[in-house]
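I have placed the structure first, in the form of structure tokens, so that the comments after it can refer back to it.
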């Protein structure tokens with residue numbers, strides 16, 4: 001109808017049938033890209049986030065198509081990120097529930113044994129020790145979980161942290177570990193002393209648990225113009241290469257039976273990762289099965305002008 005009206009106004013009369021067919025063909029060629037864009041928009045709105053137009057018309061419509069597809073790429077990437085985030089949250093809740101269930105089952109079971117029957121002193125001591133062990137593991141899990149949540153909610157207030165002042169505190173926090181800390185002067189970094197001590201404690205305790213009793217755990221410290229790098233090294237059992245990328249995930253444990261037996265919760269390295277990120281630093285893990293592990297955290301140095 002609109003076509004006929006246009007022809008009548010321009011030429012005063014309708015053209016012949018062949019001319020109309022030719023015009024209709026040109027109009028179809030012009031409107032097809034718009035139909036493709038409309039259809040793609042509707043399909044993306046319906047959930048087909050992989051839909052693209054990929055029009056090649058050599059004009060402004062091709063530019064519009066490229067912009068449309070770029071927008072669709074951004075939407076698809078954002079949706080994928082949201083879906084991955086939801087999956088991570090579900091995995092976290094599932095793992096947390098499982099980690100709560102295991103010690104609670106043990107505590108309730110041993111408590112029932114103590115309450116329901118007369119046991120000899122050795123059995124009583126065994127049940128009480130098991131309850132105490134699982135209770136301490138629950139306490140450790142709750143403390144680390146609260147620390148993880150706190151790091152996510154509260155921004156870090158940086159201050160000058162002389163690393164040399166952390167070594168005595170680290171020895172006191174890790175009794176029974178054959179710990180070797182740097183003897184040379186250490187630089188001052190920017191951060192929170194208590195969080196950095198917690199990071200080092202987790203790394204040292206992990207190293208000690210992965211090593212034979214009495215084996216040394218070494219803390220190394222190096223620095224350049226802008227950063228300091230702290231490395232905790234051991235010669236323990238090491239981590240398989242295919243699991244290295246996952247050890248900083250909350251509740252992930254390479255050897256679950258050993259970790260639980262030693263009171264581990266699977267949150268230590270996740271907490272270390274969060275602490276490093278909160279300090280604008282990085283955490284790097286290098287390991288070889290049977291030869292040991294090196295965990296390094298790089299931290300920004302405290303600049304003298306920051307004191308002014």
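Since every read-out is calculated from the coordinates, none of them should be taken as a lab result. Computed from a predicted structure; not experimentally measured. Ideal geometry is used to build each Cβ from the backbone, glycine not excepted, and the neighbour counts take in all protein chains shown.
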Exercise for review: Using R₀ = 41 Å, calculate the FRET efficiency as 1/(1 + (r/R₀)^6) where r is the Cβ-Cβ separation of residue 113 and residue 173; round to 0.05.
Suggested key: 0.75
Check your understanding: Given 10 Å bins starting at zero, what is the percent of C-alpha pairs of the stretch 156-308 in each, up to the one with the largest pair distance?
Key -> 11, 42, 34, 11, 2, 0
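Provide the FRET efficiency to the nearest 0.05 for the residue 78-residue 242 pair, computing r from the beta carbons and using R0 = 35 Å.
So, using R0 = 35 Å, E works out to roughly 0.70.
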Check your understanding: If you take the beta carbon distance between residue 86 and residue 136 as r and set R0 to 45 Å, what does 1/(1 + (r/R0)^6) give as a FRET efficiency, to the nearest 0.05?
Key -> 0.85
Check your understanding: When the label point is put 7 Å from the Cα of residue 156 along its Cα-to-beta-carbon vector, which residues of the stretch 277-305 have a backbone N closer than 19 Å?
Key -> 277-285, 295-305
Review point. Modelled label-to-label distance, residue 54 and residue 294, 7 Å Cα→beta-carbon offset: nm?
Key: 4.7 nm
